[in-house]
1. Please give the per residue accessible area of the chain, computed with a probe of 1.4 Å over protein heavy atoms only, in Å².
2. Please list 122, 155, 84, 198 in order of solvent-accessible area, largest first, computed with a 1.4 Å probe with all protein chains present.
3. So, with a 1.4 angstrom probe, what is the percent of accessible area on segment 29-129 that is carbon and sulfur?
4. So how far apart, in nm, are the two label points at residue 48 and residue 132 if each is 7 Å from Cα heading toward Cβ?
5. Work out the FRET efficiency for residue 220 and residue 196 from their Cβ-Cβ distance, taking R0 = 25 Å, and round it to the nearest 0.05.
6. Take the residue pairs 2/131; 158/239; 103/206; 2/91 and return only those whose Cα atoms are more than 30 Å apart.
7. Please check: in the Gaussian network model of the chain (C-alpha springs, under 10 Å), which one of 196, 32, 24 has the largest mean-square fluctuation.
8. Could you tell me which helices of the chain pass both thresholds, a Cα extent of 18 Å or more along their own axis and a mean Kyte-Doolittle hydropathy of at least -1.0, with helices taken as whole DSSP H runs?
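The values are calculated or read from the model by the stated rules, or taken from the named source; none is laboratory data. Keep in mind that what you see is a predicted model, and the values were worked out from it rather than measured. Neighbour counts run over all protein chains shown; Cβ positions are idealised from the backbone, glycine included. These accessible areas exclude ligands, DNA and RNA; they are computed on the full protein's heavy atoms, side chains included. Shrake-Rupley method; radii C 1.70, N 1.55, O 1.52, S 1.80 Å.
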Amino acid sequence: MKIGTLASHSALNIISGAKAEGFDTELYCTPDRTRFYRAFGLGESIVEIDSFNDILERDLSDVIIIPHGSFVAYLGAEKIQNSDLRIFGNKELLRWEEDRILKSQLMTEAGLNVPQEFSSIDEIDSPVIVKSYGAAGGEGYFIAENKQEILGKLDSEKQYSFQKYIVGTKIFTTYFNSIFHNRLEVFGADIRYETDADANVRFDDKPSFVVVGNLPLVLRESTLAQYFEMGNGFVEAFKRLTNQHLVGPFCIETIIDRNQTIYSFEFSGRIVAGTNVWMPSSPYSFALFGDQMWMGRRIAREIRDLIEHQRLDEAIR
Ligand code: AMP
Ligand code: AMP
């Protein structure tokens, strides 16, 4: 059994982790990217394809595919769900993630404190962030102080959601839910850095939220304990709503305001790029494993444990 992924997003994290656990790997790479990935010594893993969509046509029955942010961005949740790919994780969770209504339902069921959502412009009575449906990486978002500021700015072809704008620090906490050990591991936290919302030097009041990268963050330990409980609530809520286990990595995207209130505005049901800052170890993964353990390796370790106990089917959906 091999481990494979698309050459993008967190591929270095995933492939290096799979190798560290002794797996053969496949890195599906478009021609423009091969030079870059070869430079990391991954030449033997590279499988050249003309476009990322081509993986849907290939026979990959001997490969466990690790989905990351580029899968939904380039292939779309529906194609992935309908494919024969052997995806590590839960295809059902992708559906809950992509649909804004299901997403809110799951987060509310998990007991997370979600910023107020306004279902129509008329209801808006505070500053909001306007999010177009299907936007990736914060592209196309804007903020408005009141409803008057929104009028005239919406594209009638698009659907939007309006969420109360929270002022604070953006904290992305990642978890690994191990079905092998039947435990939730809190893996690491990072700050997502966005241009130019996070830039100090700017003079416009319409910042863009396009992600540039991530910064490592070590939380106050008391705050970490709160996040741990939030993660547990999330895993349990998914089980209640779908009767399925949440498998592997996920992330809860939050803002902590000046009163230390934690608002959760999003989640991702897969490895997030923020875990790239925690190679080769996060403080928390080191505390748990006493060894170097990054997210790509953690995924491969789980796969190995499950294979050794003939339980792999539980993690591939
Ligand atoms: P790229 O290969 O950089 O175009 O990224 C592929 C997809 O992953 C896009 O949807 C990006 O918005 C998303 N992405 C890449 N890096 C990050 C990151 N550090 N945080 C959040 N999303 C990311
Ligand atoms: P999202 O696509 O929901 O992950 O959001 C992209 C970015 O928009 C986040 O990283 C935040 O910087 C910003 N954002 C999203 N929701 C809110 C909110 N309710 N209040 C303030 N900023 C937000």
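1. Details: 15110 Å² over 317 residues.
Counting only protein heavy atoms, the per-residue value for the chain is 48 Å².
2. Numbers: 122 120, 155 65, 84 150, 198 40 Å².
From most accessible down to least: 84, 122, 155, 198.
3. Numbers: 2290 of 5190 Å².
Using a 1.4 Å probe with all protein chains present, segment 29-129 comes out at 44 percent carbon and sulfur.
4. Between residue 48 and residue 132, the simple spin-label model gives 3.5 nm.
5. On the way: r = 28 Å, r/R0 = 1.12.
In this case the efficiency is close to 0.35.
6. Values: 2/131 38 Å; 158/239 32 Å; 103/206 27 Å; 2/91 19 Å.
Beyond 30 Å: 2/131; 158/239.
7. Maximum fluctuation in the GNM of the chain, among the listed residues, is at 32.
8. Working: long enough: 221-242 (32 Å, -0.20); 295-308 (20 Å, -0.56).
TM-like helix candidates: 221-242, 295-308.
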